[in-house]
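This report refers to the structure that appears directly beneath it.
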Amino acid sequence: MSSVRVTLPDGSTREYDHEVTPLDVAKSIGTGLARAAVGATVDGKVVDLNTPLAGDTAVSILTDRSPEALEILRHSTAHLMAQAIKRLYPEACFGVGPVIDNGFYYDVDIDSRLTPEDLPRIEKEMRRIIKQNVAVERRELPRDEALAAFRAAGDPYKVELIEAIPAGETISTYGQGEFVDLCRGPHVPTTGKIRHFKLQSIAGAYWRGSEKNKQLQRIYGTAFFTKEELEAHLHMLEEAKRRDHRRLGRELDLYHLQEEAPGMVFWHPNGTRIWEAVEGYVREVIGHHGYQEIRTPMIVDRSLWERSGHWDKFREMMFTTESEAREFAVKPMNCPCHIQVFNQAVRSYRELPLRLAEFGSCHRNEPSGTLHGLMRARNFVQDDAHIFCTEQQIGEEVVAFIRLVFEVYETFGFGAPLIKLADRPEQRVGSDEVWDRAEAALRHALAEVGADYELNPGEGAFYGPKLEFSLKDSLERVWQCGTIQVDFSMPGRLDATYVGEDNAHHTPVMLHRAILGSIERFIAVLIEHYGGAMPPWLAPVQAIVLPISERHRGYAEQVGRRLGDAGIRVEVDRHDEKVGAKIRNAQLRKIPYMAVVGDREAEETKVALRLRDKGDQGSMDIDSLSDRICAAVRSRTTEL
């Protein structure tokens, strides 16, 4: 055998004159590293520790501190779960079991219906396999041998997956004891490497995502390298349940959904007040940034969607209707309609950039199984805008938009957004030279504002590159909301032109941009970020007056009128309950300001102020309370 020369991350090299694996390399460096090793990267590819090395190669040993290691652990835990299920339910067959954000799942076909009460039993069997410290071994097979093996095992799902693997691709299995699974890997070397995991829930999932296929049982779980990380994650999940916008939407009487209009929201007065505050602020701030607001039809003839390209690419997601032998589509997006407004005049280069904005109501026929409260709906409103500009103006418009996004997110109580630059996909329109200039414009804009970003290679739209803006909520969850996309295609398809300095007609570039994305979804993020306890400017009811007894109701009404006249959203609690119960109810409703009034307050024309988060604040006159609330609302502060 020829020698193996390994280059380590620090630049040092090691040579071996015998067969060697990454685990052998780790052992030669130190027993501590070998014990901590989970996997390795070889020439940039993540592999198992037992992968044979050859020739000159760059090797990095992955431990629990390596970002790639967690995915290996979770993938291996999914296999461990499948092995435990197979021991407990010998008839079990398995679909797919990928790693997902924060965990993993595996789809299983068994005769009995699993319930959450079955999960501890599966976990117990998993721990038994961990104690056995079973070796995990990779094996590459010819297609015929792999098919024969899984047919003999009676697993039709794996057979179907193998048949779909293109000819010439490697087919590999991973075995641990009696359990063998089809998998690309990589995996931990032994089951003993898995320690801290939790099976979380069970859901239904159609095989290969098609309702025409059998419904399997999908078991979700998660795994971490330390007990502390697992416990912190489980605590976060419990907090997420407590903050779930669907639960708080009911408790705070914000909105509801019902079967007669699936995926379409019925907003109640409290929810509508939040909506109006959000929309009103965005309308105000984009007005200051040179946007002109327009309104366009909800239903448009099919021919426009064909010309824009949406009919071919988006038809299955569009609601349609007919009238007088003409076919119409309910708009799934606003862009073609905005071009119609642009086209109604002969435009000069002097008018550019032209920024047209719309809070446009869109409808998309999302599959019913994907609907999720306000997060994913069939009817939603976008804070949409399209900027018509010259190619030379792309950079300055993107700079202005990035600054606008930072301003808006900060006002809503979020930190600086995470930004990704999605560059050219394989299938695209436009020349490479045009794409070069567009991508350079986005990079220069990011550099000008000093914004950090990640590259999202190949994920741009077919018509141009884009920036995606994501925010982190109070639970450190990431939500992609804003975007700006460069479009070289649609303006030309829909005959948009402007007259340039040379008196010739040119096609403008169109920048698609949204700050919030879907307003419904953004409100859901706000609800969960604040746990329903909205800052004063967003709170549906900003203040409530609580009379101690019936005889104080008249003075309470007077206080309520004074606050209402100042523009404050105020209520008077007229229930026949003790004041303690009224305070508890106001706390449950998460009202920021509570003005308690009794004999002393009526005599001195004052209120006893309570804050939602800070309790009693002492006595205050009505005007001072009004000024305090109005100042908090005007400044859009998160503080009371």
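The values are calculated or read from the model by the stated rules, or taken from the named source; none is laboratory data. Worth saying up front: this structure is predicted, and the values here are computed from it rather than measured. Every residue, glycine among them, receives a Cβ derived from its backbone with ideal geometry; neighbour counts consider all protein chains shown.
Within the range 145-172, the set of residues being within 16 Å of His79 (Cα to Cα) and not in a helix (DSSP H, G or I) comprises Asp155, Ser172.
Listed by first and then second residue, the pairs linking a residue in the range 401-414 that is at pLDDT 95 or above to a residue that is among the charged types (D, E, K, R), with Cβ atoms under 8 Å apart and 6 or more places separating them unless they lie on different chains, are Phe401/Arg513; Thr411/Arg636; Phe414/Lys472; Phe414/Asp473. A Cβ distance below 9 Å, combined with a sequence gap of six or more or placement on separate chains, defines the contacts here; from the range 609-625, residues that are without any contact (Cβ under 8 Å) to a residue 24 or more places away in the chain reach residues that are of a type in the set (Asp, Glu) in the pairs Leu609/Asp616; Ser619/Glu601; Ser619/Glu604; Asp621/Glu604.
Within the range 225-275, can you find the residues that are hydrophobic (A, V, I, L, M, F, W, C), assigned to a loop (DSSP other than H, G, I, E, B) and in contact with a helix residue (DSSP H, G or I) (Cβ under 7 Å, 6 or more places away or on another chain)? Answer for the range 225-275, where residues must be hydrophobic (A, V, I, L, M, F, W, C), assigned to a loop (DSSP other than H, G, I, E, B) and in contact with a helix residue (DSSP H, G or I) (Cβ under 7 Å, 6 or more places away or on another chain): Phe225, Leu252, Leu254, Val265. The single condition among (1) within 30 Å of Tyr530 (Cα to Cα); (2) surrounded by 19 or more Cβ atoms within 10 Å (Cβ to Cβ); (3) modelled with pLDDT under 95; (4) of a type outside the set (Val, Ile, Thr) that Pro367 does not meet is (2).
Filtering Phe414, Phe388, Phe406 for residues that are closer than 27 Å to Thr296 by Cβ, assigned by TED's automatic domain parsing to the domain that holds Ile515 and among the aromatic types (Phe, Trp, Tyr) leaves a single hit, Phe388. Is it the case, given these coordinates, that Thr51 is surrounded by 17 or more Cβ atoms within 10 Å (Cβ to Cβ) and within 30 Å of Arg151 (Cα to Cα)? Considered against the rule, which asks whether it is surrounded by 17 or more Cβ atoms within 10 Å (Cβ to Cβ) and within 30 Å of Arg151 (Cα to Cα), Thr51 comes out as yes. Look at (1) among the hydrophobic types (A, V, I, L, M, F, W, C); (2) in contact with a Leu (Cβ under 8 Å, 6 or more places away or on another chain); (3) not in a loop (DSSP other than H, G, I, E, B) and you find that Leu640 fails only one, number (3). Of all residues in the range 294-307, those that are without any contact (Cβ under 8 Å) to a residue 60 or more places away in the chain have Cβ atoms under 8 Å from Cβ atoms of residues that are exposed (fewer than 15 other Cβ atoms within 10 Å of the Cβ) and assigned to a strand (DSSP E or B), 6 or more apart or on another chain, in Ile299/Thr321; Asp301/Arg326; Asp301/Glu327; Arg302/Thr320; Arg302/Arg326; Arg302/Glu327. Restricting the range 609-640 to residues that are among the hydrophobic types (A, V, I, L, M, F, W, C) and either surrounded by fewer than 16 Cβ atoms within 10 Å (Cβ to Cβ) or touching a Lys or Arg at 6+ places or on another chain (Cβ under 8 Å) (or both), the residue that is farthest from Pro547 (Cα to Cα) is Ala631. When Glu528 is tested against the conditions (1) modelled with pLDDT of 95 or more; (2) charged (D, E, K, R); (3) not in a helix (DSSP H, G or I), the lone failure is (3). There is at least one residue in the range 368-382 that is assigned to a strand (DSSP E or B) and touching a Phe, Trp or Tyr at 6+ places or on another chain (Cβ under 9 Å). Evaluate the following for Arg246: is it over 22 Å from Asp383 (Cβ atoms), loosely packed, with under 13 Cβ neighbours inside 10 Å and either touching an Asp or Glu at 6+ places or on another chain (Cβ under 9 Å) or in contact (Cβ under 8 Å) with a residue 60 or more places away in the chain (or both)? The answer is no for Arg246. Taking the criterion of being of a type in the set (A, V, I, L, M, F, W, C) and in a helix (DSSP H, G or I), the residues of the range 11-28 that qualify are Leu23, Val25, Ala26. Summed over the range 614-637, residues that are assigned to a helix (DSSP H, G or I), of a type in the set (Asp, Glu) and under 21 Å from Gly598 (Cβ atoms) total 1. Applying the set (1) outside the structural domain of Glu439 (by TED's automatic domain parsing); (2) hydrophobic (A, V, I, L, M, F, W, C); (3) in contact (Cβ under 8 Å) with a residue 40 or more places away in the chain to Trp311 leaves exactly one unmet item: (3). Of the strands (runs of 3 or more DSSP E) that lie entirely inside the range 417-478, those containing 1 or more residues that are in contact with a helix residue (DSSP H, G or I) (Cβ under 8 Å, 6 or more places away or on another chain) span 418-422, 466-472. Residue check: Asp107 meets all listed conditions (1) modelled with pLDDT under 95; (2) buried (at least 20 other Cβ atoms within 10 Å of the Cβ); (3) assigned to a strand (DSSP E or B) but one, namely (1). Among the residues of the range 430-469, those identified as crowded, with 18+ Cβ neighbours inside 10 Å, under 23 Å from the mean Cα position of the chain (by Cα) and among the small types (Gly, Ala, Ser) are Ala451, Gly460, Ala461, Gly464.
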